[in-house]
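Data first, discussion second: the structure below is written as structure tokens.
The values are calculated or read from the model by the stated rules, or taken from the named source; none is laboratory data. Just so it is clear, the model here is predicted, and its values are computed rather than measured. Every residue, glycine among them, receives a Cβ derived from its backbone with ideal geometry; neighbour counts consider all protein chains shown. These accessible areas exclude ligands, DNA and RNA; they are computed on the full protein's heavy atoms, side chains included. Shrake-Rupley method; radii C 1.70, N 1.55, O 1.52, S 1.80 Å.
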Amino acid sequence: MQYISTRGGIDPVPFTKAVMMGLADDGGLLLPRTIPRIGSDTFGQWKDLSYPKLAFEIMSRFIDDIPGTDLRDIISRSYATFDTEQVIPIIHQGPLHIMELFHGPTLAFKDVALQFLGNIFEYLLEKDDSVMNILGATSGDTGSAAIYGVRGKERINIFILHPHKRVSKVQEKQMTTVTDSNVFNIAIRGTFDDGQAIVKAIFNDLDFKEKQHLGAINSINWARVLAQVVYYVHACLHISSHENDKATDFSVPTGNFGDIFAGYIAKRMLPEGTIRKLMLATNSNDILSRMVSNGDYSLGDVVATSSPSMDIQSASNFERYLYYLLDKEPNRTNQAMMQFAETGEINLTDFKDQIQRDFITEKATEEDVSTCIRDFYKQYGYIMDPHTAVGVHCALKHQEKGIPVCCLATAHPGKFGDTVEAAIEKPLELPDSIAVLMEENRESRCELMDADRNDIQEFVKKHSKHNC
Ligand SMILES: *Cc1c(COP(=O)(O)O)cnc(C)c1O
């Protein structure tokens with residue numbers, strides 16, 4: 001499989017190049033040249049596969065430059081770190097199927113992709129006898145999942161900036177208690193946006209980027225999307241065997257459009273009618289929801305909510321969908337993205353019908369979220385985190401009679417305990433992995449620094465890994 005850029009400015013590259021490139025060199029996003037189609041016979045044969053085996057079947061259709069035995073090994077190591085043999089359990093609660101994506105090391109769905117990405121990086125660096133210094137800024141979830149994806153890996157150092165005292169206690173501990181010598185946590189005196197701006201500026205120093213072998217882990221890496229395609233297929237197989245092959249809807253709490261875009265790829269890949277609609281659920285940061293309901297893709301201000309991993313306006317994966325919406329024409333995609341950079345909006349009114357063939361949408365207010373957590377707990381005894389609740393709120397509102405809905409549960413409720421406890425009005429039982437983090441005297445390692453680009457660049461240079 002070859003990969004092309006949404007902006008058409010690069011020669012096609014194989015999978016491993018696409019992973020190492022991250023963002024395409026022309027500023028676009030990488031996509032497979034074609035989306036492989038899965039026939040109903042093949043789909044039927046996948047019914048009893050374990051999660052890693054299913055992952056191999058799907059991924060190997062997108063990857064032809066890693067030998068099968070190696071790919072199998074990478075996949076199996078990536079999902080052996082999950083706390084259940086099923087890797088991603090799907091449970092039936094009330095009228096919904098709930099797919100629990102939070103059984104990885106940091107209790108949020110980003111582990112599904114970042115455990116895999118960390119192992120792919122390690123494998124490719126080993127092959128090239130090279131090293132990488134990963135630099136990223138986080139508002140909480142991505143940083144810890146990335147750190148757990150690469151901790152202890154010999155050829156990789158990782159530098160993660162987080163805003164000092166502005167991430168939750170659990171998120172902070174998840175990052176700073178990782179004391180492997182290749183992990184560098186930097187708490188900056190500033191906001192997430194300050195961190196993001198510093199990281200961007202350092203990446204723009206191309207000479208530095210090359211000399212220090214800088215690598216990124218952000219959600220635009222194609223390997224992350226690919227790892228997420230797998231669980232949509234996993235859910236379809238599960239639900240079709242429980243519900244007599246009915247078409248399924250998915251409800252997806254959405255921020256950067258990465259997770260739901262993986263659902264869109266799965267929808268195009270699977271036999272017609274396997275996935276019916278994708279429900280795009282947002283919190284008050286509703287640019288994507290407005291896009292679906294009336295074609296209005298225009299930036300608003302970012303507001304802080306109880307589902308912070310979705311407090312995003314400019315969704316970094318949206319360009320991939322736009323490319324398909326614009327008939328896979330790089331020139332039109334390029335033009336639309338340039339217009340967005342200039343004016344902060346793209347008018348998609350003319351595409352409304354086309355968009356609504358694939359998507360349904362709903363936005364949840366803060367009150368909707370806490371009501372949803374409370375009522376669902378009262379009725380069914382199931383406790384969910386605020387991100388998951390954004391999706392469940394949407395699902396309950398739009399579920400159609402006779403059509404199964406699968407809600408993506410993207411974080412463990414214990415990760416956002418304060419909001420959840422306030423909603424259910426009782427203390428949460430914390431999972432062991434969080435309880436252990438909160439113990440006093442846990443060893444931790446973190447550098448507190450000013451939000452100063454030069455200081456941070458110097459720090460990275462001083463501690464970066466070099467080819468020997
Ligand atoms: C990142 C994240 C999301 C949003 O996923 P996107 O791929 O950015 O749309 C939702 N829930 C949780 C818990 C997350 O960490």
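Observations on the model:
- Members of region 368-414 found to be of a type in the set (A, V, I, L, M, F, W, C) and away from the ligand (no atom under 16 Å from the Cβ), listed by number: Phe376, Leu396, Ile403, Val405
- Residue satisfying all of: in region 235-259; assigned to a helix (DSSP H, G or I) and of a type outside the set (Gly, Ala, Ser); farthest from the ligand (Cβ to nearest atom) among these: His242
- A residue that is assigned to a helix (DSSP H, G or I) and of a type in the set (D, E, K, R) cannot be found anywhere in region 27-40.
- With respect to the stated conditions, Ala262 fails to be away from the ligand (no atom under 13 Å from the Cβ), open to solvent by less than 10 Å² (accessible area, probe 1.4 Å) and within 16 Å of the chain's Cα centre (by Cα).
- Single match in Ser139, Ser144, Ser130, Ser168 (criterion: more than 18 Å from the chain's Cα centre (by Cα), within 12 Å of the ligand (Cβ to nearest atom) and either within 26 Å of Glu447 (Cβ to Cβ) or touching a residue at least 60 places away in the same chain (Cβ under 8 Å) (or both)): Ser168
- Output for region 39-98, where each listed residue is open to solvent by less than 50 Å² (accessible area, probe 1.4 Å) and hydroxyl-bearing (Ser, Thr, Tyr): Thr42, Tyr51, Ser60, Ser78, Tyr79, Thr84
- Residue match in region 145-159 (condition: within 21 Å of Ile260 (Cβ to Cβ), crowded, with 19+ Cβ neighbours inside 10 Å and at pLDDT below 95): no
- Taking every residue in region 216-234 that is at pLDDT below 95 and of a type outside the set (Phe, Trp, Tyr) and pairing it with any residue that is surrounded by 24 or more Cβ atoms within 10 Å (Cβ to Cβ) and assigned to a loop (DSSP other than H, G, I, E, B), at least 6 positions away or on another chain, the pairs with Cβ-Cβ distances below 6 Å are Ile220/Leu29.
- Only one entry of His103, His162 meets the criterion of being under 26 Å from Asp180 (Cα atoms), in contact with a Ser or Thr (Cβ under 8 Å, 6 or more places away or on another chain) and free of Cβ contacts under 8 Å to residues at least 24 places away in the same chain, and that entry is His103.
- Any hit, region 313-328, residues being within 16 Å of the ligand (Cβ to nearest atom), open to solvent by 20 Å² or more (accessible area, probe 1.4 Å), in contact with a Phe, Trp or Tyr (Cβ under 6 Å, 6 or more places away or on another chain) and in contact (Cβ under 8 Å) with a residue 12 or more places away in the chain: no
- Apart from one condition, Asn283 fits all of (1) open to solvent by 10 Å² or more (accessible area, probe 1.4 Å); (2) of a type in the set (S, T, N, Q); (3) more than 9 Å from the ligand (Cβ to nearest atom); the exception is (1).
- Considering region 302-312, and only residues there that are of a type in the set (Val, Ile, Thr) and without any contact (Cβ under 8 Å) to a residue 24 or more places away in the chain, the residue that is least open to solvent (accessible area, probe 1.4 Å) turns out to be Val303.
- Screening Ala422 on (1) within 16 Å of the ligand (Cβ to nearest atom); (2) without any contact (Cβ under 8 Å) to a residue 60 or more places away in the chain; (3) aliphatic (A, V, I, L, M) shows it passes everything except condition (1).
Residues are listed down the side, and each one gets a yes or a no for (1) more than 23 Å from the chain's Cα centre (by Cα); (2) modelled with pLDDT under 95; (3) not acidic (Asp, Glu):
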{"residue": "Ser5", "(1), (2), (3)": "no, no, yes"}
{"residue": "Thr16", "(1), (2), (3)": "no, no, yes"}
{"residue": "Leu23", "(1), (2), (3)": "no, yes, yes"}
{"residue": "Leu31", "(1), (2), (3)": "no, no, yes"}
{"residue": "Gly39", "(1), (2), (3)": "yes, no, yes"}
{"residue": "Phe43", "(1), (2), (3)": "yes, no, yes"}
{"residue": "Leu54", "(1), (2), (3)": "no, no, yes"}
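- The sole residue among Gly414, Gly391 that is over 26 Å from Ala187 (Cα atoms), open to solvent by less than 10 Å² (accessible area, probe 1.4 Å) and not in a loop (DSSP other than H, G, I, E, B) is Gly391.
- Candidate set from region 189-200 (those that are in a helix (DSSP H, G or I) and open to solvent by less than 30 Å² (accessible area, probe 1.4 Å)); member that is farthest from Val460 (Cα to Cα): Gly195
- Pairs, first touching a residue at least 60 places away in the same chain (Cβ under 8 Å) in region 443-465, second of a type in the set (Lys, Arg), C-beta under 8 Å, six or more apart: Ser444/Lys173; Leu448/Arg189; Met449/Arg189; Asp450/Arg189; Ala451/Arg189; Lys465/Arg155
- If you go through region 329-350 and keep only what is open to solvent by 10 Å² or more (accessible area, probe 1.4 Å) and assigned to a loop (DSSP other than H, G, I, E, B), you end up with Glu329, Gly344.
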